[in-house]
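Worksheet: one structure, shown below.
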Amino acid sequence: MVKLSVIVPFYNVQQYAPDTLRSLRANAREDFEFILVDDCSTDGTPEILARAERELPGAVHVRHELNGGLATARNTGIDKARGEYVTFLDGDDWLAPGYYPQLVEAIESLGCDFVRTDHVQCTARARVVHRVPVGRRNVVLNPREAILPADRSTSVDYAYAWAGVYHRRLVDQGLVHFTDGLRTAEDRPWIWKLHREAASFAAVNLLGVFYRRGVASSLTQIGDVRQLDFIRAFDQVIEETAQDADAKELLPKAVRTYCAIISHHLGSIERFEPAVAKKLKSMSAAALRRMPQDVLGEALDSMDLQRATTLRRLRRRPAPAGAAA
């Protein structure tokens with residue numbers, strides 16, 4: 001029986017894939033499988049993965065004929081997974097040796113639906129540890145109670161799918177799949193759904209994922225239209241949270257976060273292509289008008305003056321036809 005399925009999407013990461021695969025080998029165990037999903041790479045990545053399928057214990061190589069994006073590639077891996085537990089890694093990141101056995105031990109000892117872990121962010125030679133924003137460690141908690149408060153960073157803001165491990169029962173309940181086709185912010189509706197609908201989770205003091213930032217091919221570094229999928233992602237968060245029994249308590253957090261992300265993108269609008277920058281403004285204005293206006297008003301009142309003023313001005317901006325997400 002497979003204990004752990006590790007789902008690793010790759011897309012044009014020939015420079016980094018060998019490091020990723022070496023770190024997987026240092027985590028291999030006879031009851032682990034590594035599902036390597038090539039999302040239609042056009043560089044040397046397919047050849048690297050074909051070799052890994054032969055040399056890496058537990059490797060399963062899957063290739064997309066069309067590029068579908070990270071969410072779709074992860075879903076392909078989830079559908080192939082046979083493990084009692086599921087986790088993720090991105091094709092340009094890497095792991096500390098022996099990390100996955102410790103991760104499995106953590107979730108088995110706690111007996112909860114999912115576990116969240118800290119990680120190391122790597123930008124060039126700089127290393128920064130990022131912690132799960134959950135104060136109580138190594139104890140089983142209610143995921144819904146970790147969504148709030150609205151004005152502080154909470155577990156739903158720590159949306160990294162690879163920073164944790166998830167029990168098979170969540171896959172069976174439909175809580176681990178991602179929204180197909182999302183090109184960015186795919187982790188946002190996913191983490192909110194987990195926290196609204198799973199029964200239990202824990203944050204543990206386990207550090208072993210190294211997250212590479214500043215990769216030129218990463219979508220977060222590219223200012224094209226795919227970046228605007230964050231609007232579709234957060235629209236989904238708002239829509240699904242509005243249907244929750246605790247919508248009155250949870251919506252202020254969702255709306256405030258959406259506003260903060262819009263403000264973040266507007267603050268670095270110069271990195272977008274001109275046509276995309278124009279579309280970002282019009283789509284963001286339309287998004288603000290779609291939000292529950294009473295909740296939005298309270299969220300803007302709670303934000304700093306500069307961001308609140310920018311968003312209020314944007315909300316008043318006339319939206320041209322076709323501006324909706």
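The values are calculated or read from the model by the stated rules, or taken from the named source; none is laboratory data. What you see is a predicted model; the values in this text were computed from it and never measured. Here Cβ is always computed from backbone atoms with ideal geometry, including for glycine, and neighbour counts include all displayed protein chains. Ligands, DNA and RNA are stripped out before the accessible areas are found, and what is left, the full protein with its side chains, is counted by its heavy atoms. Shrake-Rupley method; radii C 1.70, N 1.55, O 1.52, S 1.80 Å.
For a modelled paramagnetic label at A247, 7 Å from Cα along Cα-to-Cβ, no residue of the range 153-197 is in reach, as no backbone nitrogen comes under 12 Å.
Ignoring GluC sites (Glu not before Pro) that are buried or in helix or strand per DSSP, and keeping those with at most 10 other beta carbon atoms within 10 Å, what is the longest stretch of the chain between them?
Longest run free of exposed loop sites: 66-325.
Take the Cα of V129, step 7 Å toward its Cβ, do the same at D180, and the gap between the two points is 4.1 nm. The length gained by stretching the chain between R137 and R29 to full extension, at 0.36 nm per residue less their Cα-Cα distance, is 36.2 nm.
Mind running the shape call on the range 72-167? Use the C-alpha gyration tensor, a ≥ b ≥ c as the square roots of the eigenvalues: rounded below 1.5 for a/c, prolate if a/b tops b/c, oblate otherwise. Taking the square roots of the gyration eigenvalues as a ≥ b ≥ c, the range 72-167 is rounded. For V171, the accessible surface of its heavy atoms amounts to roughly 20 Å² (probe 1.4 Å, protein chains only, rounded to the nearest 10).
Show log10 I(q)/I(0) for the chain at q = 0.12, 0.13, 0.14 Å⁻¹, two decimals, from a solvent-free Debye sum over equal Cα scatterers. At q = 0.12, 0.13, 0.14 Å⁻¹ the computed log10 ratios are -0.85, -0.99, -1.14.
The trypsin sites (Lys or Arg not before Pro) of the range 10-118 meeting both criteria, a DSSP state outside H, G, I, E and B (loop) and at most 16 other C-beta atoms within 10 angstrom of the site's C-beta, are R29, R82. Modelled spin-label separation between D301 and C122, with each label point placed 7 Å from Cα along the Cα-to-Cβ direction: 4.7 nm. Rounded to the nearest 10 degrees, the angle from helix 229-242 to the longest Cα principal axis of the chain is 80 degrees. Here the extension length gained between L148 and A50 equals 30.8 nm, from 0.36 nm per residue of separation less the Cα-Cα distance. As an equivalent ellipsoid, the range 28-187 spans semi-axes of 27, 18, 17 angstrom, where each value is the square root of five times an eigenvalue of the C-alpha gyration tensor, largest first. Seen against the Cα atoms of the chain and their longest principal axis, helix 70-80 is set at about 40 degrees.
Taking the charge dipole of the chain about its Cα centre, with +1 at Lys and Arg Cβ atoms and -1 at Asp and Glu Cβ atoms, the residue from F32, A245, S268 reaching farthest to the positive side is S268. Of the trypsin sites (Lys or Arg not before Pro) in the range 249-316, the ones in a loop by DSSP (not H, G, I, E or B) with at most 16 other beta carbons within 10 Å are R316. Computed from the C-beta positions of C40 and D157 and an R0 of 30 Å, the FRET efficiency is 0.45 to the nearest 0.05. Mean-square fluctuations from a GNM of the chain, with a 10 angstrom spring cutoff on Cα atoms, peak among L314, L228, L49 at L314.
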